[in-house]
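Beneath this line is the structure, given in structure tokens, with notes to follow.
The values are calculated or read from the model by the stated rules, or taken from the named source; none is laboratory data. Since the structure is predicted, the reported quantities are computational estimates derived from the model, not experimental observations. Cβ coordinates were reconstructed from backbone atoms using ideal geometry, including for glycine residues, and neighbour counts include every protein chain displayed.
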2 protein chains.
Amino acid sequence: MTGLVDQPEKGNGRIVISVDAMGGDRGPAAVVAGLEKFAAKQPGVYFIVHGDETVLNKLAGRRKALAGRYEIRHAPKVVTMDAKPSHVMRNGAGTSMWSAVESVRNNEATVAVSCGNTGALMALSMIRLRKLEGVNRPAIACLWPSRNPSGFNVMLDVGADIKADAEDLLQYALMGTSYARNGMDLARPRVGLLNVGTEEHKGRAELKLAHDLIADAAEAGNFDYVGFVEGSDLPSNRVDVIVTDGFTGNVALKTGEGTAKLVGDFLKEAFAATPLSRIAALLALTSLRRLQKRIDPRRVNGGVFLGLNGTVVKSHGSADATGVAAAITLASQLARSGFQERLAARVASAAGPRQDAARDADSNSGAE
Amino acid sequence: MTGLVDQPEKGNGRIVISVDAMGGDRGPAAVVAGLEKFAAKQPGVYFIVHGDETVLNKLAGRRKALAGRYEIRHAPKVVTMDAKPSHVMRNGAGTSMWSAVESVRNNEATVAVSCGNTGALMALSMIRLRKLEGVNRPAIACLWPSRNPSGFNVMLDVGADIKADAEDLLQYALMGTSYARNGMDLARPRVGLLNVGTEEHKGRAELKLAHDLIADAAEAGNFDYVGFVEGSDLPSNRVDVIVTDGFTGNVALKTGEGTAKLVGDFLKEAFAATPLSRIAALLALTSLRRLQKRIDPRRVNGGVFLGLNGTVVKSHGSADATGVAAAITLASQLARSGFQERLAARVASAAGPRQDAARDADSNSGAE
């Protein structure tokens, strides 16, 4: 099955997503099921699916909604979840992950999606796609359930790198703003810098410096800087883009997920405790489902790698069909909005003279 | 009302707690109400209450359970919530917070409790109580709801300092272990080091070094070292003591609290959405209360300052009577167990030659 690769992914509205089908905890069956779930709802999106040809042909051939919308690229090897990124960088050729990134590198696809090993995916994306001109440290951005009108914040970096200096944090603010505009349709995002308090005298030296840099860049960058935010502000309606280093962001992300799961488990146990409470649970089912839907992590599945020459979406390793479909939805939205070109323009303008940046912001105001 | 101060706080089972009554968001009324709530349940604990004498006399005089169990120390000034720690260090004399710490310094009370400004309380405690011999950076330890048999983990540091090197992290492991033994009755705590992954090659350089130091200290310290843990492990039954620097710990603590509150709010909204769901909520009331009780942050109110010559419990600024009573309960448990002396012995033994440490651990095994 060929023919997809000849089509430009823009202009005729034809979008091509490159998918690593082998990396996740649940294997290719969950990935292909997720592709069909997405495909049944959204026409005009095509897939290059990377992995074991025999397995994938068998899995995808049965799926009606996928007919005529995918091409399989055989990749004999798989990156395991515990593989060291440095090892994968040297020996990754022939894996489905490498192959999936390669399709973006060759401009066959606009966005790559993988459920595989995060560190390996970042390392491969770095060496194959290379950093965007003007970016020192790429970042992973995730969506965070919040009281915002859109229901989500963006937080970055959540684990691409374990450190970030003031300049990196400024770039995260610019990249996160661009992502919020194109991925979440927010015309003028509110940006906050994560710290241990909101007072200006608090925190590490690089945070005080970043505080000033981001404040200075707000007008030209067409965003509102709300200053320092705390962990308790993450789910709030105070901020749309939360900027932090990858160590802190990763701990915060996993802590939030773990806490939400703990509360959910306690809720289940509370309703299972007595015969009467089990009856109450039946009556409360609609309400509980309403809650479940709002905090379901599968709905916001997809960390986005920002700052490379190409967009890569990292899905949860444990994603099921619903989770994979959510990651593909995010990838197609970013592809459709022309996010990559806009992001590159934004970073380049910030790296250039201040005057240029101001002019760029004026001519693009609200649309970036 | 005098006479408390002449009594030794141990031996005759008489425990004296020093209380800053003025610092919290809800003022002295909430603090005095919390004291009564605690006093009504637990005999044998006495209070030195610091703050505005007229106000406190009026508030405490009405409380039956407090009769004969407190002494008021007049302090005309109050440390405000937004005061800079450095300012309070220079100008704090005469405040209720300073006075409350002073009672521990003078050995009139075993533990001090305050709902006031955390940074100021830490700064005052540092200069008045001084660091324990062998401790470089004191830490704040908090309890974290978890799937543990006891229902809680200990995490430290959650905000005493914004950084920690490998030696500091080792000391946090020792101090946290001592706290888990005496505050939570865990004979052999499991210690984990917070990182962005559980693999040994992950994380910052100081974490890899601390990993080795803590592993080496486990046998002599009579604890189990489980290695690196992630944010998602915080509410788990994998670990009892979570060691991290104060920046990361503070962000994790506030993120966890914020997430639990978000889920709780969403739950309320889900049950308020329709007339039918409101009826379901009535029927589910017992279950919802059971959940509420398990995740109620007031039940675990009290960060403990570790590594000073004296124990200080920091209650939430917004604590109500229930929250204050929880902080006092924690303070009295620590006082009763002779925690401060045991902690000092533990830290001193670790600072001394390895042989001494091993001997100390043998002679104290399980009891520390």
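Just to be sure before I move on: is residue B:285 among the hydrophobic types (A, V, I, L, M, F, W, C) and either out of contact with any Leu (no Cβ under 9 Å at 6 or more places or on another chain) or surrounded by fewer than 17 Cβ atoms within 10 Å (Cβ to Cβ) (or both) in the structure I sent? Break it down into steps so the answer makes sense when it comes.
Details: among the hydrophobic types (A, V, I, L, M, F, W, C): yes; either out of contact with any Leu (no Cβ under 9 Å at 6 or more places or on another chain) or surrounded by fewer than 17 Cβ atoms within 10 Å (Cβ to Cβ) (or both): yes.
Answer is yes for this residue.
Pull out all pairs, ordered by first then second residue, where Cβ-Cβ is under 6 Å, the residues are six or more apart or on different chains, the first lies in segment A:188-211 and is within 13 Å of residue A:229 (Cα to Cα), and the second is among the acidic types (Asp, Glu) and part of a loop (DSSP other than H, G, I, E, B).
Going by the 6 Å Cβ cut-off, the qualifying pairs are A:190/A:240.
Considering only residues that are within 19 Å of residue B:339 (Cβ to Cβ) and of a type in the set (Ser, Thr, Tyr), which ones fall in segment B:105-124?
The answer is B:110, B:114.
Which one of the conditions (1) within 11 Å of chain A (Cβ to nearest Cβ); (2) farther than 30 Å from residue A:271 by Cα does residue B:267 fail to meet, given that it meets all the rest?
Unmet condition: (2).
What number of residues within segment B:88-128 are in contact with a Gly (Cβ under 9 Å, 6 or more places away or on another chain) and either part of a helix (DSSP H, G or I) or within 14 Å of chain A (Cβ to nearest Cβ) (or both)?
20
Check residue B:93 against each of (1) buried (at least 17 other Cβ atoms within 10 Å of the Cβ); (2) of a type in the set (A, V, I, L, M); (3) within 25 Å of the chain's Cα centre (by Cα) and name the one condition it does not meet.
Status for residue B:93: all satisfied but (1).
Is it the case that some residue within segment B:166-176 is in a strand (DSSP E or B) and either over 18 Å from the mean Cα position of the chain (by Cα) or within 23 Å of residue B:336 (Cβ to Cβ) (or both)?
At the first step, the residues of segment B:166-176 found to be in a strand (DSSP E or B) are none.
No, that holds for no residue.
Specify which of the listed residues (A:237, A:222, A:153, A:148) is touching a helix residue (DSSP H, G or I) at 6+ places or on another chain (Cβ under 7 Å) and not aromatic (Phe, Trp, Tyr).
The conditions single out A:222.
Can you tell me which residue is surrounded by the fewest Cβ atoms within 10 Å (Cβ to Cβ) among those in segment A:238-265 that are among the polar types (S, T, N, Q) and in contact with a Gly (Cβ under 7 Å, 6 or more places away or on another chain)?
Taking segment A:238-265 and keeping what is among the polar types (S, T, N, Q), we get A:244, A:248, A:250, A:255, A:259.
From what is left, the residues that are in contact with a Gly (Cβ under 7 Å, 6 or more places away or on another chain) are A:250, A:255, A:259.
Details: A:250: 29, A:255: 29, A:259: 27.
Step by step, filter segment A:238-265, then rank; the result is A:259.
Tell me yes or no: at least one residue of segment A:31-38 is modelled with pLDDT of 90 or more, in contact with a helix residue (DSSP H, G or I) (Cβ under 8 Å, 6 or more places away or on another chain) and within 18 Å of residue A:336 (Cα to Cα).
Here is the first cut: in segment A:31-38, the residues modelled with pLDDT of 90 or more are A:31-38.
Restricting the remaining residues to those that are in contact with a helix residue (DSSP H, G or I) (Cβ under 8 Å, 6 or more places away or on another chain) gives A:31-38.
Retained after the next criterion (residues that are within 18 Å of residue A:336 (Cα to Cα)): A:35, A:38.
Checked against the condition, which is being modelled with pLDDT of 90 or more, in contact with a helix residue (DSSP H, G or I) (Cβ under 8 Å, 6 or more places away or on another chain) and within 18 Å of residue A:336 (Cα to Cα), segment A:31-38 yields at least one hit.
For segment B:237-264, what are the residues that are among the charged types (D, E, K, R) and either within 7 Å of chain A (Cβ to nearest Cβ) or in a strand (DSSP E or B) (or both)?
B:254, B:257
Enumerate the pairs (first residue in segment B:221-236 and in contact (Cβ under 8 Å) with a residue 40 or more places away in the chain and more than 10 Å from chain A (Cβ to nearest Cβ); second residue anywhere and of a type in the set (S, T, N, Q) and surrounded by fewer than 22 Cβ atoms within 10 Å (Cβ to Cβ)) with beta-carbon separation below 6 Å, excluding pairs fewer than 6 apart on the same chain, so at least 6 apart or on different chains.
What qualifies is B:222/B:365.
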